[in-house]
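So the structure is just underneath, and the comments pick up after that.
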Amino acid sequence: MPASRLPSPASPSPTLAIVGGGLAGLSAAVAAIQRGWRVTLFERSKMLGGRASSFLDSTLNCLVDYSQHVAMGCCSSFLDFCRRTGIEDCFQRQRRLHFIAPDGSQHDFASSRILPAPLHLLPALMRLKFLSLADRLRILPAMRKLTAQGFAQRDEALVTWLHRHHQSSPSVDRFWSTVVVSALGETVENASTAAAAKVFRDGFLASRHAADLLLPSEPLGEIFHGRVGVWLEHRGVKVELQNPISRIETQQQRGYLLTVSKTDIRPYDAAIVAVPWHEAGCLFSDELRAQMPFFDDAEKLAPAAITAVHFWFDCPAIPLAHAALIDRLSQWVFTQKCLFSETSKAAEKVPVFTQHCQVVISAAHRLPQFSHVELLAKIRGELESIWPAVRDARLLHSRLLTQPKALFSVQPDSDCLRPRQQTPLPRLALAGDWTSTGWPATMEGAIRSGRLAVESLQNDPESPRLA
């Protein structure tokens, strides 16, 4: 056959570096391989998942989550991600929320499966008898007004809006604050109406199943590192753990040069940076950083902290899998049965089934200062006041973990500081729950950002053509 008629060898797929193995980076990797990119995923820690990950507790010799992560029935991108990666079975759907009133009584919140939205919430609100009847009747109309405003209206602190719309102090403290702090990681005094409107529009009013909780049934490390990580590797993604990227710069032939672990320089056709807002801008050379002034705004986003208090009791002291606690320092409690190996008198490890209780305190940056011992004692005291069995249970182990920069603070007009996934530079995109997704800092927002980052590369006229 003449040389001119020989078939040309197939061009290799273009290479894509994803910097950051949190949910945004994982989502970007899933979307990228489905579009034909050859992906290398860099993560500086030992495990994938980012803030939605686990650590090995040396006392228990098992994985413990840094903090509880919960999705909702309205999280369509998250649910799609779970279906694509085969981890649907790792989340249990809870259709009934349990509120524990200040007097310790339990009030269940479940949407009607008969009434259409938004009236499906009315029976659930009527069951919240720790609020006056007048307060319960005012919540749904206020919720509809808040969500009807949309993001185009003047943004302000949610508490100001609530009081202007006839929500009483008990209603603000016992209902609005309970939802907002847990969903947004910020207090009603500091959270924006825009962010709160998103929560109530999509999480409560959209459908009968929108407010369902999706609770992980395994440690997050098992789900996102173990299951999703293996899923990606089986599809050709090269996952590099404990390999931080220290610098990103351009290369002459287009694309980017990434400095790995300070000395190893590697070329890639494109890159997605999926690290937190307070770290992303520091990765770029001065030349590249100067072309992305939006980092100056993003770095103005204030951090919001989350504290998780872990207790392991020798018996099932708390009878619920989850509960929202009203008017307490503890905000949510989650429980699971687990196996604890205890040393016997014969110095042998004896397996004991115990209850793992995790108490979550969001907006922890707004809390008074407590010592480690004081906070553990106060949280246990609150649990004992609700469930007397906690007082009689033997505490086998405890942990207190605070993530000072778990989220960005959704203060009024904070959306104006969030950049799009597409950057002014060709073949370079951003991902992360802090980018502009239309969602606050949630697992849903992170998953969406990864997909949007890949879409921005696909729409980039300078990106390589994919088969």
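The packing ranking of peptides 38-44, 236-242, highest mean first, is 38-44, 236-242, where packing means the average number of other beta carbon atoms within 10 angstrom of each residue.
Among 238/337; 46/405; 262/405; 46/262; 300/378, which pairs are too far apart, with a Cα-Cα distance over 28 Å? Intermediate values should be presented prior to the final figure.
Values: 238/337 35 Å; 46/405 19 Å; 262/405 25 Å; 46/262 18 Å; 300/378 34 Å.
Where the Cα-Cα span goes over 28 Å, the pairs concerned are 238/337; 300/378.
Summing Lys, Arg as +1 and Asp, Glu as -1, what charge do residues with Cβ under 14 Å from the Cβ of residue 190 carry, residue 190 excluded?
Working: positive: 366; negative: 155, 156, 186, 189, 413.
Taking every other residue near residue 190 into account, the sum is -4.
With kT/(6 pi eta Rh) evaluated at 4 °C and eta = 1.567 mPa s, and Rh the Kirkwood radius from Cα pairs, the stretch 275-406 diffuses with a coefficient of 74 µm²/s according to Stokes-Einstein.
In this label model, residue 392 and residue 207 are separated by 4.4 nm, measuring between points 7 Å along each Cα→Cβ vector. Taking all protein chains in place and a 1.4 Å probe, what share, in percent, of the accessible surface of the stretch 179-263 do carbon and sulfur account for? The nonpolar share, carbon plus sulfur, comes to 46 percent. Summing +1 for each Lys or Arg and -1 for each Asp or Glu among the other residues whose beta-carbon sits under 14 angstrom from that of residue 373 gives +2.
Would you mind counting up the charge near residue 216? Only other residues with Cβ under 15 Å from its Cβ, with Lys and Arg at +1 and Asp and Glu at -1. Don't skip to the answer; put the middle values down first.
Details: positive: 51, 93, 227, 337; negative: 65, 88, 89, 212, 218, 222, 444.
Net local charge, residue 216 excluded: -3.
Averaging Cα coordinates gives a centre for the stretch 61-138 and one for the stretch 212-285; these two points are 33 Å apart.
The values are calculated or read from the model by the stated rules, or taken from the named source; none is laboratory data. Keep in mind that this is a model prediction, so the values were computed, not measured. Neighbour counts are summed over all protein chains in view; Cβ atoms, including those assigned to glycine, are modelled from backbone coordinates with ideal geometry. Calculation scope for accessible area: heavy atoms of the full protein, side chains included, ligands and nucleic acids excluded. Shrake-Rupley method; radii C 1.70, N 1.55, O 1.52, S 1.80 Å.
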